[in-house]
Amino acid sequence: MTKENKKSSGCFRLLLRVVAAFVILAVSIPVILFLPLNKLNPYVTSIQVQRCVGMIVKGEKFKYERSWTQLNNISRYMRRAVIAAEDAKFFQHDGIDFEQAEDAIDDYNDGRRMRGASTISMQLVKNLYLWEGATKYDKFFRKGVEIYLTLWLELLLPKDRILEIYLNVVEWGRGIYGVESAAKNYYRVSAKGLSRGQAAHLAAVLPSPLRHNPRDHSRFTERRAARILARM
């Protein structure tokens, strides 16, 4: 074998090793991230860390309220309201709602305001492990990672567990995480005791929980809550 052939063979073997290492990482990382969540509840999330760092930078005291509640102890109205508000096809898709995604892309291409196309599973992945994109390109890269991890999340966790974790980690106001804390903070009831109307108003603020309050009776909150009630 000539020196040139030996060199080419060595480069090919190196390339194979790099590809193999990449494949192993691409498979093992999602398994490590999500498989334990079948039994273990996440202690902290990426969004909570980001909020904490942001408040420390501003010299503010970090407020943190969260109390874990099993899915069967969460009002059925709350479960229905969140699905109606955020992901109507939650139990039908495998993590990605391609119809909503196509509509969002069409809006972007037509220069219209891009509608939200993130499913509950995608939002959970972002809440647990991802960052908020600072630039357009950063956001597109993060979205790609989000989609990839979402497919693994759906493969490794049942739908009810995904919904339970989502309801327990999602942000519902400044320092308020999870439905139990939200129910007690806004309505002085447990997550199980939430009424149909209360559930709809809590779900109504999820797109912008730091901007809207479920009890502020703003035009945005009331109109969105009414639509959610109609879908429940």
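A few comments on the model shown:
- Whichever residue in the stretch 109-123 is modelled with pLDDT under 80 and within 20 Å of residue 208 (Cβ to Cβ) and, among such residues, is surrounded by the most Cβ atoms within 10 Å (Cβ to Cβ): 117
- Among the criteria (1) aliphatic (A, V, I, L, M); (2) in contact with a Leu (Cβ under 8 Å, 6 or more places away or on another chain); (3) farther than 20 Å from residue 130 by Cα, the one residue 204 does not fulfil is (2).
- All positions within the stretch 181-199 that are in contact (Cβ under 8 Å) with a residue 40 or more places away in the chain, not in a helix (DSSP H, G or I) and not hydroxyl-bearing (Ser, Thr, Tyr): 194
- Picking from residues in the stretch 20-63 that are under 21 Å from residue 149 (Cβ atoms) and among the aromatic types (Phe, Trp, Tyr), the one that is nearest to the chain's Cα centre (by Cα) is 34.
- Selection status of residue 214, assigned to a loop (DSSP other than H, G, I, E, B) and crowded, with 23+ Cβ neighbours inside 10 Å: yes
- Scanning the stretch 50-103 for residues that are touching a residue at least 24 places away in the same chain (Cβ under 8 Å), among the aromatic types (Phe, Trp, Tyr) and part of a helix (DSSP H, G or I) yields a single hit, 77.
- Qualifying residues in the stretch 124-145 (those that are in a helix (DSSP H, G or I) and closer than 15 Å to residue 50 by Cβ) - the one modelled with the lowest pLDDT: 138
- Inter-residue pairs, beta-carbon under 8 Å, first under 25 Å from residue 158 (Cα atoms) and in the stretch 15-39, second β-branched (Val, Ile, Thr), 6+ apart: 37/165
- Residue within the stretch 38-50 that is more than 30 Å from residue 193 (Cα to Cα) and modelled with pLDDT of 85 or more present: yes
- All of 23, 27, 57 fail the test of being surrounded by 11 or more Cβ atoms within 10 Å (Cβ to Cβ), over 30 Å from residue 230 (Cα atoms) and either in the same structural domain as residue 184 (by TED's automatic domain parsing) or out of contact with any Asp or Glu (no Cβ under 7 Å at 6 or more places or on another chain) (or both), apart from 27.
- Members of the stretch 61-77 found to be surrounded by 11 or more Cβ atoms within 10 Å (Cβ to Cβ) and either more than 13 Å from residue 170 (Cα to Cα) or in contact with a His (Cβ under 6 Å, 6 or more places away or on another chain) (or both), listed by number: 62, 63, 70, 71, 73, 74, 75, 76, 77
The values are calculated or read from the model by the stated rules, or taken from the named source; none is laboratory data. In this text the structure is predicted, and so the values were computed from the model without any measurement. Heads up, the Cβs are rebuilt from the backbone with ideal geometry, glycines too, and the neighbour counts pull from every protein chain shown.
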